[in-house]
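Right, one structure below, let's go through it.
Where a number appears in this text, it was derived from the coordinates with a stated rule and is not lab data. If you're wondering where the values come from, they're calculated on a predicted model, not measured in any experiment. In this analysis, Cβ positions are derived from the backbone assuming ideal geometry, glycine residues included, and neighbour counts consider all displayed protein chains.
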Amino acid sequence: MSEAAADAGDSRMDIHQILDYLPHRYPILLVDRVLDVLPGERIRALKNVSVNEPYFPGHYPHHPVMPGVLIVEAMAQTAAILAFKTMGSKPDDKSVYYFVGIDNARFKKPVGPGDQLVIDVVLSASKRGIWKFSAKASVDGQIASEADLICAVRPTP
């Protein structure tokens, strides 16, 4: 059994395992922990929002708010982990996982320092390397943002 296939059965992931599934690194890595993943179906992950985030000094300095585009990016990174777990593989130099579309994005509650963003993503469809997801990000049980995401796995040029 391959390492990826053996790892696909784990339902929790720490930051070291996440780094194996995402090519992102600081300051754009936006997933801190995976609480549960069921390949082919759903994933739940966490992003701990710290006052030390590099965007806070310039994004409403007197009332720091996490940019909505970064909340959507956190949902897309969580979706990428679900896609790779579903495929039973990990990113490599031969392909790139692109974020290619956002539909029905809504921002309902500001996210700020000290919040813990809980990200839930459900796989809606997958066909010929195109993945569709329904994603929600919440804080303290209240939805902060939601969107339908479209991603694609493509060979590198």
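Of all alpha-carbon pairs in the chain, indicate the percentage at a distance above 29 angstrom. If you can, show how the numbers build up before the last one.
Values: 1788 of 12246 pairs.
Percent of Cα pairs beyond 29 Å in the chain: 15.
Could you give the angle, 0 to 90 degrees to the nearest 10, between helix 68-87's Cα long axis and the longest principal axis of the Cα atoms of the chain?
With both axes taken from Cα atoms, the answer is about 20 degrees.
Sorted by average packing, counted as other Cβ atoms within 10 angstrom per residue and highest first, what order do 75-84, 147-156 take?
On the way: 75-84: 25.4, 147-156: 16.3.
Put in order of decreasing packing, that is 75-84, 147-156.
Under 5 Å between amide H atoms, partner at least 5 residues away or on a different chain: which partners does Val96 have, H built in plane at 1.01 Å?
Excluding prolines and chain starts, which carry no amide H, the hits are Arg154, Thr156.
How would you rank 39-46, 125-132, highest first, on the average number of other Cβ atoms within 10 Å across their residues?
On the way: 39-46: 18.4, 125-132: 13.2.
Listed from highest to lowest mean packing, they are 39-46, 125-132.
Provide the packing ranking of 115-122, 91-98, 58-65, i.e. peptides ordered by the mean count of other C-beta atoms within 10 Å per residue, highest first. Walk me through the intermediate numbers first.
Details: 115-122: 20.1, 91-98: 12.9, 58-65: 11.2.
Ranked by mean Cβ neighbours within 10 Å, highest first: 115-122, 91-98, 58-65.
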